Amino acid sequence: MTLPTFVDLNLDPFWMPFTANRQFKQSPRLLVSAAGMYYRSIDGREILDGTAGLWCVNAGHCRPEIISAIAQQAATLDFAPTFQMGHPGPFQVADRLRRITPDPLNHVFFANSGSEAVDTALKIALAYHRLRGEGTRQRLIGRERGYHGVGFGGISVGGIAPNRKFFGSLLAGVDHLPHTHNLEHNAFSKGQPTWGAHLADELERLVALHDASTIAAVIVEPLAGSTGVLIPPQGYLERLRAICDRYGILLIFDEVITGFGRLGAPFASQYFGVTPDLITVAKGLTNAAVPMGAVIVRDEIYETFMQGPAGQIEFFHGYTYSGHPLACAAALATLEIYEKEALFERAASLAPYWQEAIHSLRGLPHVIDIRNLGLVAGIELAPREGQGGPRGYDALCRAFEAGLLIRVTGDIIALSPPLIVERSHIDQMVDILSRVLQELP
C-alpha cells in the first residue's frame, strides 16, 4: 500500500474533533502507519506512543491476530442486525466478558462508543427504577471535571465546562459532586492520595437537598482520565458505594479508560475493591481496531427488565451497530491477547517502575504536580501568566517533534502507554519529556 504524502491531502474539508482546526492545519501532525509501540509520521519518523492512541490501544498497534480476525469476519458476515435477530458474535463476547467482570455484573448491552455506553447506562438506570415502582427517581448525579463522552446525557452528567457551555440547558434534574483534585493537599502523590475521602460525603448533602426518592444514579470515573488524571483518594470510592447503598441509588463506574488492564486489573472496580451496579466500557474492548462500547450490569438489574409477557420488548433502546460482527471479531481477538499474554498482570508488575520513572521528572521547570496509578500518569504544568493551555499545547508539539505522542488537557500532560510497554520505552518517554520540559518556555 502506498502511503499518502502532504501533497496528496486537502486538509480543509475534515472538521476535526476536539481540535483547534485552523492552528492544526497550518502545521499538521499526521500519522500514517503503526506497529507495536510506535506510530510512523507522514514525514517518515517513528513516534513512540505514550498514550495508547487515545487511552485505547492497550495491546499495541496492528496486532496480526486482530487484523486477521477482522478480515476473516468481513469476508464471512459483514453485517447482521441484532434487533429481533442475531449472530454468534455478541453472545460470545458477552460470555467472554462475564469471565473477567466482577460478580454479579454478568449481563452486557452493546453500543459503539463510550459516549453511547454512558447514555445507555443512564437510560437503564432510569428505566430500572420505574420498573420497580420508583418512577420518581429521575435525578442523575455526576461530578465536576468528570468526562462521560459527548452525548447529551454524557455532557449533562459530565463536569468539564467547555464541553457543556455551548449546548444549552442540557438534561434537567442533574447535579454534581465536587471533584477531588487539590494540589495543596495531594501534590506529588504516588498512587492514591491520602486526603479527600470526605468529599464523597457531599453526596449526603445532595440527598438531603433533593431527597433520595428523586435520585436514580451516581456516575463517576473511578480514575478520571480526560480531565487530567485525577486519582481517587483512599477510601473515597468506598464511601460513595456505602452512601448509594444506604439510599437505594445506583452507582455507575465509567471505565471507558480504566477498563481492560490500565490499572493492572481487568477493571478499576476490581483494583479498588468497589463493585458498582453498572460499568461502561469501550476503547480497550477491541484494542480500538473497530469501534465498540458496552454497558455491563448487575444480574438483579437485568432480571428486573425480564418481567411481563415473554413477547414484549423489555428495553426500547439500541443501535443499528450494537454487536457489529467486525467489532465482535476484534473484541474476541483482543480479549484472547489480554489473557494469553497476561497483559493485565504485566501492567501491574510494571507499575512500580513506571511510578519511579515518572516521578523522576519532579523538580524540572514548570512541573507543579505529578500523579500516577497503574500505567497512568499526569504531569501538571504551571500555566503561563494569564493563559491556561498554551504551555501544555507547546509541550505536545515539542514532544511530537522529538518522537513522542502525549496527550494534554489544558496544561496537564497525560500518559497511558500500551500495556506491552517495555522498561526501555518508559526510559525513552521520560528522557524525551525531560528534554522537552527543560526547553519549554
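The values are calculated or read from the model by the stated rules, or taken from the named source; none is laboratory data. No experiment lies behind these values; they were computed from the predicted model shown. Using ideal geometry, Cβ is built from the backbone for each residue, glycine included, and neighbour counts are taken over all protein chains shown. When the accessible area is computed, the model is the full protein with side chains, heavy atoms only, and any ligands, DNA or RNA have been set aside. Shrake-Rupley method; radii C 1.70, N 1.55, O 1.52, S 1.80 Å.
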For the range 116-191, what log10 I(q)/I(0) values come out of the Debye formula at q = 0.16, 0.17, 0.19 1/Å, with one point per alpha carbon and no solvent?
-0.66, -0.71, -0.82
Over its Cα atoms, what ratio of radius of gyration to 2.2 N^0.38 Å does the range 205-254 give?
1.23
What shape does the chain have by the C-alpha gyration tensor, where a ≥ b ≥ c are the square roots of the eigenvalues, rounded means a/c under 1.5, and otherwise prolate means a/b greater than b/c and oblate the rest?
oblate
Please compute the Kirkwood hydrodynamic radius of the range 294-441 from all pairs of different C-alpha atoms, in Å with one decimal.
18.7 Å
Compute the convex hull volume of the Cα atoms of the range 109-248, divide it by the residue count, and report the result per residue in Å³ as a whole number.
118 Å³
Mind telling me which of 30, 177, 140 comes out most flexible in a GNM of the chain, alpha-carbon contacts under 10 Å?
30
Positive-end extreme of charge dipole, the chain - chosen from 125, 170, 208 (charges on Cβ):
170
So what does residue 85 come to for accessible area, using a 1.4 Å probe and Å² rounded to 10?
120 Å²
Can you give me the distance in nm between label points at residue 29 and residue 5, each placed 7 Å from the Cα along the Cα-to-Cβ direction?
2.4 nm
Give, as a single signed number, the net charge of other residues whose beta carbon lies under 13 Å from the beta carbon of residue 324, with Lys and Arg counted +1 and Asp and Glu -1.
-2
To the nearest 0.05, the calculated FRET efficiency linking residue 190 and residue 134 through their beta-carbon distance, R0 being 25 Å, is 0.05
So, over other residues within a Cβ distance under 13 Å of residue 136, counting Lys, Arg +1 and Asp, Glu -1, the net charge is +2
For the range 68-109, one quarter of the surface area of the C-alpha convex hull, expressed in nm², comes to 3.7 nm²
Could you tell me the calculated FRET efficiency between residue 182 and residue 340, based on Cβ-Cβ distance and R0 = 41 angstrom, to the nearest 0.05?
0.50
Relative contact order, percent, of the range 265-391 when contacts are C-alpha pairs under 8 Å separated by at least 6 residues?
17 percent
Amide hydrogen neighbours beyond the local backbone of residue 40, cut-off 5 Å, H modeled
32, 33, 34, 47
What accessible area, in Å² to the nearest ten, does a 1.4 Å probe give for residue 25?
50 Å²
Fraction of antiparallel bridges per DSSP, the chain only, in percent to nearest 5:
65 percent
Å² per residue, accessible surface of the range 138-280 at 1.4 Å
35 Å²
Using a simple spin-label model with points 7 Å from Cα along the Cα→Cβ vector, what separation in nm is obtained for residue 62 and residue 77?
3.0 nm
Cα centre as origin, Lys/Arg/Asp/Glu Cβ charges: the range 13-65 dipole, Debye:
240 debye
Once phi for every residue in the range 413-419 is put through the Karplus expression 6.51 cos²θ - 1.76 cosθ + 1.60 (θ = phi - 60°), the whole-Hz ³J(HN,Hα) values, with Gly and Pro written as x, are 8, 10, 10, 7, x, x, 6
Applying the Karplus parametrisation 6.51 cos²θ - 1.76 cosθ + 1.60 with θ = phi - 60° to the phi angles of the range 143-150, what ³J(HN,Hα) value in whole Hz is obtained for each residue in order, glycine and proline being reported as x?
8, 3, 6, x, 10, 10, x, 10
Rg/Rg_globular for the range 308-382, with Rg_globular taken as 2.2 N^0.38 Å and Rg from C-alpha atoms
1.90
Below 8 Å between Cα atoms, with a sequence gap of 6+, how large is the relative contact order for the range 20-67 in percent?
29 percent
Given a Förster distance of 56 angstrom, what is the FRET efficiency for residue 393 paired with residue 242, based on the Cβ-Cβ distance and rounded to 0.05?
0.85
Rg/Rg_ref, the range 367-419, where Rg_ref = 2.2 N^0.38 Å and atoms are Cα:
1.13
Largest-first principal axis extents of the Cα set of the range 173-323 (Å)
58, 43, 25
Classified through the alpha carbon gyration tensor (a ≥ b ≥ c as square roots of its eigenvalues; rounded if a/c is under 1.5, else prolate when a/b is larger than b/c, else oblate), the range 1-64 comes out oblate
If you place +1 on the Cβ of every Lys and Arg, -1 on the Cβ of every Asp and Glu, and leave all else neutral, what size is the dipole of the chain about its Cα centre, to the nearest 20 Debye?
400 debye
Do you know the relative contact order of the chain, to the nearest whole percent, from alpha carbon pairs under 8 angstrom that are 6+ apart?
21 percent
Pair residue 315, residue 15: separation of 7 Å Cα→Cβ label points (nm):
3.2 nm
What are the semi-axes of the equivalent ellipsoid of the range 1-145, taken as the square roots of 5 times the eigenvalues of the Cα gyration tensor, listed largest first and rounded to whole Å?
37, 24, 16
When we measure straight from the Cα of residue 190, which aspartates and glutamates land under 13 angstrom away, once same-chain ones fewer than 8 places off are left out?
356, 369
Once the in-chain neighbours fewer than 8 apart are removed, the aspartates and glutamates whose Cα is under 12 Å from residue 123 read none
With a Cα-only, solvent-free Debye model of the range 284-345, what are the log10 I(q)/I(0) values at q = 0.14, 0.24 Å⁻¹?
-0.59, -1.00
Considering only protein heavy atoms and a probe of 1.4 Å, how much of the accessible area of the range 192-282 is carbon and sulfur, as a whole percent?
50 percent
Name the residue, out of 21, 106, 163, whose mean-square fluctuation peaks in a Gaussian network model built on the chain with Cα pairs under 10 Å.
21
Which of 339, 356, 385 fluctuates most in a GNM of the chain (C-alpha springs under 10 Å)? That residue is 385
With θ taken as phi - 60° and the coefficients 6.51, -1.76 and 1.60, list the Karplus ³J(HN,Hα) couplings across the range 193-208 in order, rounded to whole Hz; mark glycine and proline as x.
x, 8, 9, x, 4, 4, 5, 5, 5, 4, 4, 4, 5, 5, 5, 5
